[in-house]
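One structure is given below, encoded as structure tokens.
The values are calculated or read from the model by the stated rules, or taken from the named source; none is laboratory data. None of the values given here were measured: they were computed from a predicted structure. Ideal geometry is used to build each Cβ from the backbone, glycine not excepted, and the neighbour counts take in all protein chains shown.
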């Protein structure tokens, strides 16, 4: 796997493509925690080229429910991320996930397990800044389509 400094970008959550169903009870529990803290502290991880969610389906649902205009997202690819199935005996490949994203269908909750090298980048963003980003943040989010999220070694 390639290594590098991973950074998040502020992106429009409506552009991200979920590939797994979510557990509504988990969404309610996590949303309560996030709203009580008033801060977003963990970026979602998505595929660099296709913008499908690798990790963070529940958090994406919460961001959409809270009407966020931008969301911290780390863009990666399968050169830097390994994937496996959560359930023993199942096989999940990057090609299967890409095909699911293109189809508009979703795997059952907790089907894909993405394994990342190192911890995700830290973030600590007030929720109000995700709902009502200033003009600079909005411009950065729109321009982020072309920006790489990893620095070379």
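Filtering the stretch 8-29 to residues that are in contact (Cβ under 8 Å) with a residue 12 or more places away in the chain and either outside any loop (DSSP other than H, G, I, E, B) or within 17 Å of residue 123 (Cα to Cα) (or both) leaves 8, 9, 10, 11, 12, 13, 14, 15, 17, 20, 26, 27. For residue 80, the stated conditions do not hold, so it cannot be described as buried (at least 18 other Cβ atoms within 10 Å of the Cβ) and in contact (Cβ under 8 Å) with a residue 40 or more places away in the chain. Do you know which residues across the stretch 47-75 are more than 10 Å from the chain's Cα centre (by Cα) and either within 27 Å of residue 29 (Cβ to Cβ) or in contact (Cβ under 8 Å) with a residue 60 or more places away in the chain (or both)? Answer for the stretch 47-75, where residues must be more than 10 Å from the chain's Cα centre (by Cα) and either within 27 Å of residue 29 (Cβ to Cβ) or in contact (Cβ under 8 Å) with a residue 60 or more places away in the chain (or both): 48, 61, 62, 63, 64, 65, 66, 67, 68, 69, 70. Being surrounded by fewer than 16 Cβ atoms within 10 Å (Cβ to Cβ), modelled with pLDDT under 90, in contact with a strand residue (DSSP E or B) (Cβ under 6 Å, 6 or more places away or on another chain) and not in a helix (DSSP H, G or I) is a property that does not hold for residue 148. Annotation: residue 105 fulfils all but one of (1) closer than 17 Å to residue 51 by Cβ; (2) under 17 Å from the mean Cα position of the chain (by Cα); the unmet one is (2). Among the strands (runs of 3 or more DSSP E) confined to the stretch 30-98, the ones with at least 1 residues that are touching a strand residue (DSSP E or B) at 6+ places or on another chain (Cβ under 6 Å) and within 19 Å of residue 124 (Cα to Cα) are located at 44-47, 53-55, 71-76. Look at residue 106 and say whether it is under 22 Å from residue 12 (Cα atoms) and in contact with a helix residue (DSSP H, G or I) (Cβ under 9 Å, 6 or more places away or on another chain). Spelling it out, residue 106 is indeed under 22 Å from residue 12 (Cα atoms) and in contact with a helix residue (DSSP H, G or I) (Cβ under 9 Å, 6 or more places away or on another chain).
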